[in-house]
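What follows is one structure encoded as structure tokens, with my remarks underneath.
The values are calculated or read from the model by the stated rules, or taken from the named source; none is laboratory data. The structure presented is a predicted model; accordingly, all values stated were derived computationally and were not measured. Note that we place each Cβ from the backbone using ideal geometry, even for glycine, and neighbour counts take in every protein chain shown.
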Amino acid sequence: MSDAFSHSDPAQVTIDGIRKAADLISGAVLKTPCLPAPRLSRLTGADVYVKYENMQVTGAFKERGALVKLSSLSEAERKRGVIAVSAGNHAQGVAYHAGRLGIPATIVMPALTPFVKISATRDYGAEVVLIGNTLAEAKAEADRLADEKNLVWVHPYDDAHVIHGQGTIALEMLEAQPDLDTLVIPVGGGGLISGMAVAAKAIKPGIEVVGVETVLYPGMWGAMHGKDVRCEGATIAEGIAVRD
């Protein structure tokens, strides 16, 4: 699997890279259904389809990018082990596939992470380090551990391999529903929408791509409009509550 991508990140995200990622994860990540959503269709007056990534083993799309990144590592890097920071979905995706591939994984999580996510991450075989009250504090400890133990970073979104993996969702959606004219995509760190937009626009240039953020964490909106925004507060959309 490690031959699918070079051991260093590609210079840019491409449709060819996303197609290679789709081949790489085939059989290891579920090709989830993209099905009609009658209630949402009635509420919106549109024909709405939902991509059921909650059916993945770890319950989220994050497995895709994590597996592509892990598969890109050299044998020497695999032996060194990997490190990630996450309060949940990315942690479980990295832990699960690192365990499958025999790669030691350390996951640093804020101390206030829900126990069910901590337990699941440990159950997949990762070493979990709990520290701090925020992802920023956890990241600082992860930086220290990465330097101390010479671990390889698996970033949740700022990595071309990860973005290629997330882009495979758009390939599957347009294969299942070629008539889709709009993709509505949640935005946290931006890895998901980046990969999906590249894939969708390459396949269907006229398709509209709409990013959605929670109003309490409008970081992407602020960046695109040149505005200073405040990102803080409690939200049920904790998976996209990203400060930067």
Handout entry: Flag if K51 is in contact with a Ser or Thr (Cβ under 8 Å, 6 or more places away or on another chain), outside the structural domain of K117 (by TED's automatic domain parsing) and either buried (at least 23 other Cβ atoms within 10 Å of the Cβ) or farther than 30 Å from L151 by Cβ (or both)
Key = yes
Exercise for the section: Please give the number of the condition C231 fails out of (1) surrounded by fewer than 16 Cβ atoms within 10 Å (Cβ to Cβ); (2) out of contact with any Asp or Glu (no Cβ under 8 Å at 6 or more places or on another chain). Expected result: (2)
Completion exercise
How many residues of segment 176-192 are under 21 Å from the mean Cα position of the chain (by Cα) and buried (at least 17 other Cβ atoms within 10 Å of the Cβ)? The answer is 8
Exercise for the section: Would you confirm whether any residue within segment 200-222 is loosely packed, with under 15 Cβ neighbours inside 10 Å and closer than 30 Å to G81 by Cα? Expected result: no
Fill in the blank from the handout: Output for Cβ contacts, cut-off 9 Å, separation at least six or different chains, first residue without any contact (Cβ under 8 Å) to a residue 24 or more places away in the chain in segment 194-217, second in a helix (DSSP H, G or I) and of a type in the set (V, I, T), reads K201/I15
Practice task
Hey, could you check segment 140-151 for residues that are touching a residue at least 12 places away in the same chain (Cβ under 8 Å) and surrounded by 12 or more Cβ atoms within 10 Å (Cβ to Cβ) and say which is nearest to L101 (Cα to Cα)?
Solution key: L151
Practice task
For segment 205-236, enumerate the residues that are in contact with a strand residue (DSSP E or B) (Cβ under 7 Å, 6 or more places away or on another chain) and closer than 30 Å to L112 by Cα.
Solution key: G211, V212, M220
Problem - A66 being free of Cβ contacts under 8 Å to residues at least 40 places away in the same chain and either outside the structural domain of V184 (by TED's automatic domain parsing) or not in a loop (DSSP other than H, G, I, E, B) (or both) - result: no
Practice task
Give the residue, chosen from E63, E75, E53, E137, that is more than 20 Å from the chain's Cα centre (by Cα), at pLDDT 95 or above and not hydroxyl-bearing (S, T, Y).
Solution key: E75
Practice task
Out of T113, T121, T134, T44, report the one residue that is among the β-branched types (V, I, T) and over 23 Å from L192 (Cα atoms).
Solution key: T44
Practice task
Using the structure shown, decide if A142 is within 21 Å of I25 (Cβ to Cβ), in a helix (DSSP H, G or I), modelled with pLDDT of 95 or more and among the small types (G, A, S).
Solution key: no
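Conditions (1) on the phi < 0 side of the Ramachandran plot; (2) over 15 Å from the mean Cα position of the chain (by Cα); (3) part of a loop (DSSP other than H, G, I, E, B), marked per residue:
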{"site": "T168", "(1), (2), (3)": "yes, no, no"}
{"site": "L174", "(1), (2), (3)": "yes, yes, no"}
{"site": "S194", "(1), (2), (3)": "yes, no, no"}
{"site": "A200", "(1), (2), (3)": "yes, yes, no"}
{"site": "V210", "(1), (2), (3)": "yes, yes, no"}
{"site": "D228", "(1), (2), (3)": "yes, yes, yes"}
{"site": "I236", "(1), (2), (3)": "yes, yes, yes"}
{"site": "G239", "(1), (2), (3)": "yes, no, no"}
{"site": "V242", "(1), (2), (3)": "yes, no, yes"}
Practice task
Only one of these is on the phi < 0 side of the Ramachandran plot, among the hydrophobic types (A, V, I, L, M, F, W, C) and under 17 Å from the mean Cα position of the chain (by Cα): I107, I103. Name it.
Solution key: I107
Fill in the blank from the handout: Counting only residues that are touching a strand residue (DSSP E or B) at 6+ places or on another chain (Cβ under 8 Å) and either in the same structural domain as G88 (by TED's automatic domain parsing) or among the acidic types (D, E) (or both), segment 160-204 contains a total of 2
Exercise for the section: Take E137 and decide whether it is assigned to a helix (DSSP H, G or I) and surrounded by 14 or more Cβ atoms within 10 Å (Cβ to Cβ). Expected result: yes
